[in-house]
Structure formats: structure tokens, C-alpha cells
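What follows is a set of notes on a single structure, which appears directly below.
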2 protein chains.
Amino acid sequence: MGWGDLGSFGEPSKETPHLDQMAAEGILFLDFYTANPLCSPSRAALLTGRLPVRNGFYTTNAHARNAYTPQDIVGGIPDSELLLPELLKKAGYVNKIIGKWHLGHRPQFHPLKHGFDEWFGSPNCHFGPFDNRALPNIPVYRDWEMIGRYYEDFKIDLKTGEANLTQIYLQEALDFISKQQASQQPFFLYWAIDATHAPVYASKQFLGTSQRGLYGDAVREIDDSVGKILEHLQKLGISEDTFVFFTSDNGAALISAPKQGGSNGPFLCGKQTTFEGGMREPAIAWWPGHIPAGGVSHQLGSVMDLFSTSLSLAGLRPPGDRQIDGIDLLPAILQGKIIDRPIFYYRGNEMMAVRVGLYKAHYWTWSNSWEEYSKGIDFCPGQNVSGVTTHTQEEHTNLPLLFHLGRDPGEKYPLSFASDEYQWAMERISAVVQQHKATMVPGEPQLNVCDKAVMNWSPPGCEKLGKCLKPPKSDPKKCFWPH
Amino acid sequence: MGWGDLGSFGEPSKETPHLDQMAAEGILFLDFYTANPLCSPSRAALLTGRLPVRNGFYTTNAHARNAYTPQDIVGGIPDSELLLPELLKKAGYVNKIIGKWHLGHRPQFHPLKHGFDEWFGSPNCHFGPFDNRALPNIPVYRDWEMIGRYYEDFKIDLKTGEANLTQIYLQEALDFISKQQASQQPFFLYWAIDATHAPVYASKQFLGTSQRGLYGDAVREIDDSVGKILEHLQKLGISEDTFVFFTSDNGAALISAPKQGGSNGPFLCGKQTTFEGGMREPAIAWWPGHIPAGGVSHQLGSVMDLFSTSLSLAGLRPPGDRQIDGIDLLPAILQGKIIDRPIFYYRGNEMMAVRVGLYKAHYWTWSNSWEEYSKGIDFCPGQNVSGVTTHTQEEHTNLPLLFHLGRDPGEKYPLSFASDEYQWAMERISAVVQQHKATMVPGEPQLNVCDKAVMNWSPPGCEKLGKCLKPPKSDPKKCFWPH
């Protein structure tokens, strides 16, 4: 989902009354970022509070490549990483993940081995369908074992776009919340649904209900579901004891537009890129009785802050033995303070850009290769900013491209290198980057090796369902990451 | 000002708390259009309820050219046109225009000859400055006579961007409203300030207060002023008797970006074009006690509807002796009804495009000429949609380019000509266009002839101020309209 997909963020069809209401009752973050322009690394960053380049969710197979956890990935979340739910356990929290895990699907990466107490959902994204011969369909787990597979037991009709997955995930959330409220135990719910990822789906009751086609229908269903979750908290009388945060893991995938792609509002390009459209996200915090209603914050925020903020809410401190990139947002949320901190835009192993205040400096620019572009793969459809949305990897380390995101949110007008403004802004930014690079210790890259043998052929529990498939012989290779 | 310049419409710096509050208390129109992608024709359409091609605010000097009323224009609003204030007079309204008139500056076009009772403002836009030799500075009138000139008596500091014009226009509005409330006379106030037109200015108290630079400062000042006007109505106890509508006369002029240009949100291009960015406008109706708060309307609306809606509010009927293009929006505003009506996108003498429902068909495409474009004049900076943002005038009459503005608000993905959707949507649209063209009676074009002798050399009242200038010899020529 993109920054521009919510009514509060300017989507012209304004189809998100519940999220808009959530914003009206809570606080809207306008300058909130994901840690990576695509799924797995973002989610790893959210749960570890650390940049993907630190927690291992990147590749060194080639320079500045987007990488994630497809079915044949060998890597996953290292045991050495401390995940938010592992830490929250110490404060008595019961932790549940509903939906897409995406931090590795091999046994050692199972979410219940990394601090979650419960899981209902899939280890990988739903896209496919696979044929269960060359490629197995993605399994859906309940806790330790699979209970079925997408397309077989959890239907997604690619023709009509109908699937009731979001409804199933919603019900699971409501039930978990009820259970926790009844048992009076504090809880952390990571509601990581995989709508609006292509192929986009929505439940029957939402199909055809938006101006935007299937994508808008899916947004409407998410909006409705968030509304139901908030309403549920209120009905149970625990809304003032429950902190809720809504955000996305990357910008709208414009490559799926117009039928299955969302909106990044006035920002440049989308998913897969380190332009604003790829990484600036819708973000709303809600906590009635604590957060002043109707707030708007320009605090630079990151999904990694949800790690630190959650720990703070639970009365815990972040681990002191490692670099944590997230910050505690509570002063921004509760007291309207602005904490000075940079945002780093990484693509794989490369820091492509950095934002300090309203300035963003690009050290590298790349949308995708000419080869891909010539085949119609376009991360910036209809947009072309000369020297910025480049189709070759362009290094600007010696003279970064600098934009003022206030006057120029669309990254169209680089500041003149000769201007005073460029000079003093870059002085400040250079110091930030220098410090960042000097202290950077990259983690062991987890997304380098692929092997068909590790796919979800025979997940735990498959034997009870007669759904075990025979894996091929192991043949590990360097994964191919084209962009 | 553009669609995307208000917080409610998704501007990322959310600098319009008062307009957002106005929307929260009133109704937001998301599909509201001006009648032309630039100033004079839009304003003529607003006041007459008629398309510029009917009321004469267009040119036939060349095909599909944008034309307006610079100082040397010979034409203006014809006496045969009936303006909103002329009609409102019959219902006892006192009518005032504050700010930019722009319907002709020669004596016969004076606003007080066309229904207004009072005027404080200028006949033309403030841009210049002129030197009072080759070109006179624009006069500022109070009612029948000039009281000074821009840059001389009404300072605009082009270096700092400081000018207190909006404050002067605000005070004038507050005073007029107080006077009318005291005299218990119904009133029509046309608050036609000329901020945010380039060169952009703001008062000292607003300079440097926005994230967006001078343009954002100007928006903040307008926002603050609207807030003060609404507050004034409430304090005087007449808010429930006063209908207020906020909108703009064209999309943000991206040619002035990034320093002096605004935002058209997710829409294509800007001012001067018939793409959405050029003609879709922010629009908010406010009438406490009558309009249900927090409404959102997808009614296709037009500035011309303000003519018909205002007449309806005053208990009057639109003139029956001519074609009126505006419709009464009250059913949409008060009862949430949707009235089926098309939107026509004209550029000069050509109907470039039409919107019916969520479909928009382009019969002609043009941004501007290669010649202008090569000189850096760009109405679509950073945007390039092949075959759509064309630099030659392209006719598509036989096979219009069709867009679905729900799925594709940015006009990036023309529907396939071979699709069923194209076939049935175009069938409906063709019928609408055929009827429109069959009954179209163009007015006498007013924007064909230019003559330096008609400039504001010696406006009425200049002699009292010693500010009369000697006009050159009359030398009427065809005006040159490059785009």
C-alpha cells in the first residue's frame, strides 16, 4: 500500500472512512518511512529495529539489489537477532502474528522460534499460483504446523479477484484480542495481512465497491477490517490500554498499475525504488485517552521505530549489545516533540540516499536496468526525471543530488550544486553519513543463496493432510536479483 | 492553487488547518472542476454559469489556445452576458468583489457596470512589475476609481516575497461582512484574491512559516484568512445564514515549481492543460446547520455550478433565454445526491476532452509546442506519458483516448481500443459529445485583439493621484497566444 492510498493522505476517491477516522482520533505521521522498498527486509527491520543491512536481510550477489524471501531462499532471520516479541515476552506479553511472516520459511526461522506464541498465516507471499510440481503452493500455518495451502484450501480466484483471506485474518485478530482481554494478559498482535499485494484480491462483499477497481476494493476491505478491530477494542473496554499503529511495508507497486497498483500520492516512483514513492508510507498511531486527537506529526519516522516504541510502551529497554536504528516515538506521539534523526534509504547493500530534516541527498540513483525497462518493467510509469530516475546505476557520492522535500516532494528539481543552500545542507548531511558509514557493521547476508530443495514441499503437518510433496535434489545457487 | 495544495487533499506538509477544519465541518468535493485551465475564462465562467466558448472568453486566433486578459486586451465581458451579481440584485443582495476581476479593464467592463455594488482590487493580475513607461503598473480600484498601483502604492517585494495584499483583502472582507450584518442586508462576496499566482507573495508574519517555501507561506496565509472569515461569520451569528464555497480557478502552475508552484496531487500536469492537474480543483462547501459535517462528495462539479447554486440559494431561477452550463448543486450538498452530468475540458475554441462518470475521453491532446518546450516551458515537469502529454496538437476525434479516472487518476493508462469497456463507455460518451456539439452556439470571441493603447495608462481617478500616464497611439493587432 502506498502513501497516497488513504483518504487522509489524499487518495482522490477517499475510500477509507475508518482509517481516516483512526487518524482523526489519533495522530497522522506524514514523514514516515519503511526501511527498504520491499517486503521481507522491511518486515525484518520492523521486528528487529535494525536496518536490513545489519540484520542480514540483504544480498551481496550484486550491487544495490532488492532481495526478499521467495520460496527457494535458503536464508532467513538469524538466531542472533532479537525480535520484538522475544523481548516483549519478558514483560509478560503474549505475541501473535497473523498473516505474512516473510522472514524465512525453513524450520529454524519459524516465528514461534523467534518469540511469537501463536501464528496464523503464511511464511511467504501468496503470489503464484504454483502447480505443486515445479513449485509448491504456499502453505498456511496455524502455529507449528501447516493446515492447508493457498489456492487449494485457501481459495484465491484469480479471474474474479475473490478471496476471503482478509476476512479470515480479521476474525483471527478479533478472536485473539477477545481471548487476551478475557485472560487479562497483555498482548502484541502483529496483523501482517498480505493484501494489497498482487495478485490483488478482496472478499465478495467488497468486490466492485470502490471507484478504483480490485485494488480499491482490497483497500476498502482493509479499511473496514481496521475499523472492526478498533471497534472491538472499544467494545471490550481496552482501547485506552491498547496502542495501535497502522503502516505499510513499501510504497505502492506502480508496476501493477492501473488494475492492481495503488497510489504514492505526489511522490516519485514506487515499490523497489529509493525515491519517496518507494519508501514513504501512510502511518497512523491511535491510543484514545493518551494521544491527542487529530494530531499531525512531521517527525521523521521509520518502521524500525515501532520496535523501540513498543519496548518503551512495555516498560522495556532496547538491547544494549547492538546497534538499534529505531527510536522511541512516544515523545513525538504524546507530546508533539520533534526528534532530530536521519532516514537512510537502502537498496540491498548500498545506502542510496539519506534524509536529514527536509533535505534528501541521493548518493546513488537507479530505477531499474534498460534491459528490464525495455521489457516493460517500469517502477516509475509516466514519470521521468532526467538524471534522477536513471536506468543505469549512477553514483553521486562526490556530489550528491540534493532535494528539498518541502518545496519539491516529487524529487524533480535537484538543488544547484553551486548554491549556498546546497553547500550548507550537504555539510550537515555529510557529517551524518560519515558517522553512519564509519560505524556500520553489516550483518551476514541472508538473501544470497537459493535452492529449489528448500521450498515449501513438506512443511510440518503436511503428512496429516496428505499434502507433502517430494523436494528435488539440493542444488544451491546464487539467487538472481535483477533489480 | 492546485487540487493537492490542501491538507484535506493530501498535501504532504498539511499546512491548511483552517481549510481542513472547513472541510470537516462542511463537505469536500473531490471531483470538482474549473471551466478552463487558466484564470480569466474560469472567472468569466464562474460569474456567468457558462462555458468560456459561450460567454466569449476565448480566442479564435489559433486552434486550442489559452487566452486571458492581459493589459493590452481589447475585449472583456460582453454586456449581453448576465452575471451572478446582476441577478442577485433582484433578490436584494449587495454584491462586492474583492481582488482580481480579470474580465476586462476597459471602462465598459468595469465590475460595477456588471452587477457589483462595490469593488476593492485590481482589474488584472499583479504580475509584472511594469515600469510605467512601456507598460503601466496594474491599478488598484476602490469602486469606480483607482486608488493606487501595484508595486508603487501596494508594495510587493519581489526579492523577499513580502506583500501584505492578502491581509488588506482579508480586512476588506471582514469589514464588508460586518457592514452587511449590521444593515441586515443579504450579501454576495466574491473574495477573489490573487495569491498564489506568481510572483508569489505573503505577509511578513507568514514568510518562512511553511515547509514549502514562499508558495506554502502564501497558502498558509490564505488558509488563515479563510479561517478568520469563517470565524467572523460565526461571531456575528450569521454562519447558519451564509453559504461559503472555497475553490480555485485553475490547477497549480507547475511551470513555477518548485519555488513558486503548488501541487496537483496525483494528477497529470498543471495549469494551461486539460489534463486533470490543470482543471481539477480543491472545493469545499460550508454552511453550518445545513450541510452535514464531514461530508465527501463525488458529484462532478464545476465553478459554473456556483452560479446556479447561488441563484437557487437566493430563491432565483437562472435566465431562461440562454444556455447555462452550471447546475444547482444543492441536492448534492444537502442531500448527498449524485446528478449525472458531463464535464467538458476546453482549451480556447476546442473541446479537448470530456468526462462522463469515471471515464474521461481525450479528443485532442496537447501540453505545449516543441518550440516552447525546448525553451524550458514545461507544463508537466517530470511527467511524460507517451501519446498523452504530446508536444504537438494531436487529434483523436475518431478514436478518443479513454481513461478510467478511478483506477487511473493520473491519466497514464489509456484503455485498449479493442476492449468491451472502451466500446460501451465511448458509446455513452459519444452521445453526450454529439448533443453538446450539436447545440453549441459559440459567443463572439473577446480575446482576439490586443492594443497597447488600451492598457491601464489612465484609469478613472488617476488624475486625482497624479498617476495618469500617456497612452501610445492605437495599434490593434491579433493577440499572440503561444499555447
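The values are calculated or read from the model by the stated rules, or taken from the named source; none is laboratory data. All figures in this text were calculated on a predicted structure; none of them were measured in a lab. Note: ideal-geometry Cβ built from the backbone for every residue, glycine included; neighbour counts use all protein chains shown. Note: accessible area is taken over every heavy atom of the protein model, side chains too, but ligands, DNA and RNA are not part of it. Shrake-Rupley method; radii C 1.70, N 1.55, O 1.52, S 1.80 Å.
A few points about this structure:
- Loop-located trypsin sites (Lys or Arg not before Pro) in the stretch A:320-384 (DSSP state other than H, G, I, E, B) with a sparse environment of at most 15 neighbouring Cβ atoms within 10 Å: A:Lys337, A:Lys375.
- An oblate overall shape is assigned to the stretch A:96-184, the ratio a/c of its alpha-carbon gyration tensor axes (a ≥ b ≥ c) being 1.5 or greater and a/b not exceeding b/c.
- Long-range HN-HN contacts of A:Val140 with modeled amide H, under 5 Å: A:Ile147, A:Gly148, A:Arg149, A:Tyr150
- Shape category assigned to chain A from the gyration tensor of Cα positions, a/c cut at 1.5: rounded
- Measuring nothing but how far apart in sequence close Cα pairs (under 8 Å, 6+ apart) lie, relative to its length, the stretch A:7-340 scores a relative contact order of 26 percent.
- Position A:Pro331, label points 7 Å along Cα→Cβ, spacing to each other copy in nm (shortest first, one decimal): 5.7
- Of all chain A residues, the closest to the A-onto-B rotation axis by Cβ, with that distance in whole Å, is A:Gly10, 1.
- Coil-residue trypsin sites (Lys or Arg not before Pro) of the stretch B:409-483, DSSP, other Cβ within 10 Å capped at 11: B:Lys473
- Spherically averaged projected area of the convex hull of Cα atoms, the stretch B:204-323: 10.2 nm².
- Estimated inter-spin distance, B:Val441 and A:Asp117, nm [label 7 Å along Cα→Cβ]: 8.0
- All Cα-Cα separations within the stretch A:353-483 were binned at 10 Å from zero, giving a P(r) of 10, 25, 24, 19, 13, 7, 1, each value a whole percent of the pairs.
- Derived scalar couplings ³J(HN,Hα) [the stretch B:216-228; Karplus, 6.51 cos²θ - 1.76 cosθ + 1.60; whole Hz; x for Gly, Pro]: x, 4, 5, 4, 4, 5, 4, 4, 4, 5, 4, x, 5
- Förster-model FRET efficiency, 22 Å R0, A:Asp79 and A:Gln185, C-beta, rounded to 0.05: 0.25
- Helix-derived mean residue ellipticity, 222 nm - over the protein assembly as shown, DSSP H n ≥ 4, -39500 (n - 2.57), to 500: -7000 deg cm²/dmol
- Accessible-area value, A:Val53, 1.4 Å probe, nucleic acids and ligands omitted, Å²: 10
- Pairs of lysine residues in the stretch A:337-483 - Cα separation under 29 Å, sequence separation of 8 or more or cross-chain: 20
- Near B:Ala283, the amide H atoms lying under 5 Å from its own belong to B:Phe29; only residues 5 or more places off or on other chains count, and H is placed 1.01 Å from N.
- Average beta carbon contacts from partner chains per residue of B:376-389, 10 Å cutoff: 3
- Annotation for B:Gly227, label-to-label distances across the other copies: 3.0 nm (shortest first, one decimal, point 7 Å from Cα along Cα→Cβ).
- A simple rule links phi to the HN-Hα coupling: the Karplus curve 6.51 cos²θ - 1.76 cosθ + 1.60 with θ = phi - 60°, which for the stretch B:31-39 gives 10, 10, 10, 8, 8, 6, x, 8, 4 Hz, with x for Gly and Pro.
- Converting the Cα gyration tensor eigenvalues of the stretch B:425-483 into ellipsoid dimensions via √(5λ) gives semi-axes, longest first, of 44, 14, 10 Å.
- Scanning chain B for cysteines with no neighbouring cysteine C-beta under 4.7 angstrom from their C-beta gives B:Cys39, B:Cys125.
- Cα gyration tensor shape of the stretch B:134-173, rounded if a/c is under 1.5, else prolate or oblate by comparing a/b with b/c: oblate
- Scattering curve values for the protein assembly as shown, log₁₀ I(q)/I(0), Debye with Cα scatterers, q = 0.05, 0.07 Å⁻¹: -0.32, -0.61
- DSSP beta bridge pairing in the protein assembly as shown, given as percent antiparallel to the nearest 5: 65
- Kirkwood Rh and Cα Rg combined as Rg/Rh, the stretch B:59-119: 1.04
- Accessible surface of B:Ile338, taken over heavy atoms with a 1.4 Å probe and every protein chain present, rounds to 110 Å².
- Estimated from the Cβ-Cβ distance and a Förster radius of 45 angstrom, the FRET efficiency linking A:Thr60 and B:Ser419 is about 0.50.
- 5 angstrom amide H check on A:Val449, placed H, neighbours 5+ away: A:Val74, A:Gly75, A:Cys479
- Residue by residue, the stretch B:467-483 carries 3J(HN,Hα) couplings of 10, 7, 10, 8, x, x, 5, 5, 8, x, 9, 5, 5, 9, 10, x, 9 Hz when phi is fed to the Karplus relation 6.51 cos²θ - 1.76 cosθ + 1.60 (θ = phi - 60°); x denotes Gly or Pro.
- Applying the criteria of a DSSP loop state and at most 12 other Cβ atoms within 10 Å to the trypsin sites (Lys or Arg not before Pro) of the stretch B:15-105 yields B:Lys90.
- Label-to-label distances for A:Glu463 across copies, nearest first, come out at 11.0 nm, using points 7 Å from Cα in the beta-carbon direction.
- The label point for B:Lys470 and the one for B:Lys337, both projected 7 Å from the Cα toward the Cβ, are 6.3 nm apart.
- Chymotrypsin sites (Phe, Trp or Tyr not before Pro), loop per DSSP, at most 15 other Cβ atoms within 10 Å - longest free stretch of chain A: A:145-416
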